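Please read the structure below before turning to the comments.
The values are calculated or read from the model by the stated rules, or taken from the named source; none is laboratory data. Note that this is a predicted model, so its numbers are computed, not measured. Glycine also receives a Cβ, built like all others from the backbone with ideal geometry; neighbour counts cover every protein chain displayed. Keep in mind that these areas ignore ligands, DNA and RNA; they rest on the heavy atoms of the full protein, side chains included. Shrake-Rupley method; radii C 1.70, N 1.55, O 1.52, S 1.80 Å.
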Amino acid sequence: MSKEIIEIKDVTFRYPDVEKETPLVLNGVTLAIDQGSFVAVLGHNGSGKSTLAKHMNAIYLPEGGTVYVDGISTAEEERLLDIRRTVGMVFQNPDNQIVANVVEEDVAFAPENLGVPSEEIRERVDRTLELVGMSKYAKHAPHLLSGGQKQRIAIAGVIAMEPRCIVLDEPTAMLDPIGREDVLRTITKLNREQGITVVLITHHMDEAALADRLVVMDHGKVIQDGPPREVFQHVEELTRRGLTVPETVGLLHQLRENGVNVPLDALSVEECAEAIYAALR
Amino acid sequence: MEPILELKQLNCIYSQGTPFEHQALTNIDLSVYPGEYIGIMGHTGSGKSTLIQHLNGLLKPTSGQVLLHGRDIWESKASVRDAKFHVGLVFQYPEYQLFEETVYQDIAFGPKNMKLDQEEIERRVRQAAGFVGLSEDLLQKSPFELSGGQKRRVAIAGVIAMEPEVLILDEPTAGLDPAGRDAILDNIRTYHKSKGSTVLLVSHSMEEIARSVERIVVVNDGRLPFDGTPRSVFSHSKELREMGLGIPQVTQVFQRLKELGLPIEDDCVYTMDEARDALLRLAGKGAV
Amino acid sequence: MLKDITLGQFFPGDTIVHRLDPRTKILMVIIYIVALFQAKWFVTYGILLVFLAIAVRFSKVGAKALMRGMKPVLFILIFTGVLNLFYNTAGTILWHWGIFTVTTGGIRVAFFMVIRIMMLISGTFLLTYTTSPILLTDGIECLLGPLKKLRVPVHELAMMMSIALRFIPTLIEETDKIMSAQKARGADFDSGNLIDKAKALIPLLVPLFVSAFRRADELATAMECRCYHGGEGRTRLRQLVYTGKDWITLISGLALLAVVCVLAYGFGL
């Protein structure tokens, strides 16, 4: 791909505390996110992945190093709105990001803030709700929707801003399997069909497997970076760091340990079954 | 063996007599035996939350009975309250119910409500904290200073400290990372083994349930379509999928392998160890 | 049980009442309330009741929903009724026991007072039932617009109100959940004397406040991420446009007020 939408250069960060020196949460992170890519950031709780996400649209500013969004340093206060409209952010709890009492009015919130003319807001709202598959619910009250539906409204609310990149901080952590699937399908669609850059923060391996690139974090550092197939090969290291690989990869790994010659990069059930079949036939 | 907890022809209808009337549970029969470790599966809105809230008398059945040791818990006001001490219920995201100044006091809230003496309360608090892996020095801290995972443990300890005969946990691992999830599941398993008490684990993660329990009850549309060993329940993969539930990935892999024509003797493998051993036997390498 | 509280809830719909400009509806409610306080006797109350009934009919909200909204204020209703019953001693004495005296005047005052409160609540509820909170705050913001010149933070107040309304159902649900969780640990919210009951609320209120603060914090961040920066330069999805039906409604409202005043003060009806 051509250009980097987010560039993180040697960033360090710690939560300020008046009383004592707190440990570094980010310890020299360097990462560039390409325009149009789908990147998953994986790590256990406390690995610094959420803190890193919050650097991507200037919620936090780095202590050391710089973060550039579309070439603008996030430390440039007067460009804050430009940064925020370029990189949208979706959080874990859908309840706490929905502002309005009616779905379509919530989706309209960001364009309203940006001073978009009324007729265009109307268009954006309709188009975005269509995109996340929630048009039917335009006039509904958000608190009566399911978790997955609420989260898709929250995504629509960000997309209506027409950002070039969307960062999702554990968007499925509070959802049931059906809600999770809907949200993941929506995210993938935004990336593939709309060309929106997606950064997905998660600790679910199977979610990470959807991405084109997987960044693994631990102790405020990037410890793995590559296509999911490649990263998952390091089963032992991931397990040691409190992460687990998908059951498919785990099974292949165990077979390999016991001398069965199977590849490690079969992520889906289908691929895994075929790999085992080929080895045992 | 006599069941410890029994539901008989239980029905629950919400907002009866209004346009919002909704039958959440329909003619439920369920027996829970002492020492069992049961997984309860169902998607959101299937009625599983309503079901578990009937087990400790938080919800009153529209019709039918809830029997604890053969006696209807709705017999008297005292017996309803008593049921809550015999059947402990840990809600989803229980960390949001912490309120006391110290972890110790928060765990002691339940036992205090049981009117136990100080000494007994102290013993129970320490033991419960031990079960969930909270170290001694955390007991005097404010629960609000702890990390999310630790808060969750405090909340679970708060219910364990009541020493209920039946412990029900609603999605105890929701929102945790794999390490946190495994640790909590381990704690619960240890608790189940050493106390010999009955545990009901509500979850929609098939992998999670497959690893722990010896019996699975599926809730769907206010009924219990399947109730049996993981093996028998997971063999209904098609129906489970239609209910919005999945089956463990390894089980899916095995079903696919069988379709591909591998001579798989057991078509319902659901844990990683079983799967590995079965495949190694096939490969002629012998099980580990 | 807490879910039954419908205070401040909005019932989406597409009736003529829903479509009226929120400013019209707010002004109409004010006119209606003023008229209600001028009403004296069956005729004037009757006229206002007919007006209310027409509005309810057109809004398709249903009298049942309105009556359900009355539940939380039932205590106030009874209290006001009883107080007025014994307090007013005009007219002929009907019943007397100790310090309690019931007179025809008392019954009359109590009766009309209860009717007045019920009609007042129904009227305001009709406004919140048929107007989405965002439109409602838009309307208030617009009507209070002139106060901006006096440095009153009108936009901020309106935004605060709209968010409060948005979170009422969420917090009610949360209260329900925390209450069940504490009950499962043997908490008793119902028995004991007043002090016991107040103490029993601590396990409910502390988590509720903690969670409300957490939500507020997360919401503030989420709003900032969506480029919220105060009322300056904000546009609206829906422009408030005053149409013919708004003017007609408003004029008929003022006429209603005039009729009620004339009947009440001129004829004592």
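Sorting C:Val82, A:Val90 by solvent-accessible area of protein heavy atoms yields C:Val82, A:Val90, largest first, with a 1.4 Å probe. For the pair C:Ala255 and C:Ile33, label points projected 7 Å from Cα toward Cβ lie 2.5 nm apart. Ligands, DNA and RNA aside, C:His229 has an accessible area near 80 Å² when probed at 1.4 Å. Put simply, the C-alpha atoms of chain C give a gyration tensor, and the ellipsoid matching it has half-axes of 36, 32, 16 Å, longest first. With every protein chain left in place, what is the accessible area of C:Trp95 in Å² (1.4 Å probe, nearest 10)? About 130 Å², ignoring ligands and nucleic acids. Between A:Ala156, A:Ala208, A:Ala75, the GNM of chain A built on Cα springs shorter than 10 angstrom shows A:Ala75 fluctuating the most. The local environment of A:Val87, defined by Cβ-Cβ distances under 9 Å, has a net charge of +2 under the rule Lys, Arg +1 and Asp, Glu -1. The residue list C:Ile117, C:Ala55, C:Leu208 was ranked by how far each Cα lies along the charge dipole of chain C toward its positive end, using unit charges on Cβ atoms, and C:Ala55 comes out on top. Stretched out straight at 0.36 nm per residue, the stretch from C:Phe100 to C:Leu144 would grow longer than its current Cα-Cα span by 11.2 nm. Here the label points at A:Glu237 and C:Glu156, each 7 Å from Cα along the C-beta direction, are separated by 5.1 nm in the simple model.
Helices of chain C meeting both criteria, an alpha-carbon length of 30 angstrom or more along the long axis and an average Kyte-Doolittle score not below -0.5, with helices taken as full DSSP H segments, are C:104-130, C:154-184, C:202-225. Pairs with C-alpha atoms separated by more than 25 Å, drawn from the list A:Lys139/C:Lys245; B:Lys60/C:Lys183; A:Lys139/C:Lys177, are A:Lys139/C:Lys177.
When only the Cβ of Lys, Arg, Asp and Glu is charged (+1, +1, -1, -1), the dipole of segment A:159-252 relative to its Cα centre reaches about 200 debye.
Accessible area per residue was computed with a 1.4 Å probe on protein heavy atoms; C:Ile93 scores about 110 Å².
Taking all protein chains together and a 1.4 Å probe, the residues C:Glu141, B:Glu122, A:Glu21, A:Glu236 rank A:Glu21, A:Glu236, B:Glu122, C:Glu141 from largest to smallest accessible area.
Helix B:178-195 sits at what angle to the longest principal axis of chain B, using alpha carbons and giving 0 to 90 degrees rounded to 10? Once rounded, one gets 70 degrees.
Subtracting the Cα-Cα distance from 0.36 nm times the residue separation, let me have the gained length for B:Ser15 to B:Lys141 in nm, one decimal.
Length gained, B:Ser15 through B:Lys141: 41.1 nm.
Surface listing: B:Lys195, B:Lys115, C:Lys25 arranged by accessible area from highest to lowest gives B:Lys115, B:Lys195, C:Lys25, probe 1.4 Å. When you restrict to C-alpha pairs under 8 Å that are six or more residues apart and normalise by the size of chain C, the relative contact order lands at 31 percent.
Per-residue ellipticity at 222 nm computed for chain A from its helices equals -10500 deg cm²/dmol, with DSSP H segments shorter than 4 residues left out and the rest contributing -39,500 (n - 2.57).
Across chain B, the mean sequence separation of Cα contacts (distance under 8 Å, 6 or more residues apart), normalised by length, yields a relative contact order of 21 percent. Note on A:258-264: average number of Cβ atoms from other chains within 10 Å of each residue's Cβ is 3.
Mean residue ellipticity at 222 nm, helices only, chain B: -12000 deg cm²/dmol; runs of at least 4 DSSP H residues each add -39,500 (n - 2.57), and the sum is divided by the number of residues. In percent, rounded to a whole number, the relative contact order of chain A is 22, using alpha-carbon pairs under 8 Å and six or more apart. The mean count of C-beta atoms from other chains within 10 Å of the C-beta of residues in B:173-182, rounded to a whole number, is 6. Just checking the listed ones, A:Val222, A:Val116, A:Val25: in the Gaussian network model of chain A with Cα springs under 10 Å, the one fluctuating most is A:Val116. Rounded to the nearest 10 degrees, what's the angle between the helix A:147-159 long axis and the longest principal axis of chain A, both from Cα atoms, 0 to 90? Its long axis makes an angle of about 60 degrees. Of the residues A:Tyr60, A:Tyr15, A:Tyr68, the one that moves most in a GNM of chain A with alpha-carbon contacts below 10 Å is A:Tyr15. List the aspartates and glutamates whose alpha-carbon lies under 16 Å from that of A:Lys189, not counting same-chain residues fewer than 8 positions away? Reachable aspartates and glutamates: A:Glu130, A:Glu162, A:Glu181, A:Glu207, A:Asp212. For chain A, the longest principal axis of the Cα atoms and the long axis of helix A:177-194 meet at an angle of about 70 degrees. DSSP beta bridges fully contained in chain B are about 50 percent antiparallel.
Look at where the Cα atoms of segment B:227-269 and of segment B:28-58 average out, and the two centres are 23 Å apart.
What does the average come to when, for each residue of peptide C:167-176, you count the partner chain Cβ atoms lying within 10 Å of its Cβ? Don't skip to the answer; put the middle values down first.
On the way: counts 6, 2, 5, 5, 0, 1, 2, 2, 0, 0.
Taking the mean over all residues of the peptide, I get 2.
Of the cross-linked pairs A:Lys20/B:Lys141; B:Lys141/B:Lys195; C:Lys71/C:Lys148; A:Lys20/B:Lys112; A:Lys54/B:Lys151; B:Lys48/B:Lys195, those separated by over 30 Å at the C-alpha level are C:Lys71/C:Lys148; A:Lys20/B:Lys112.
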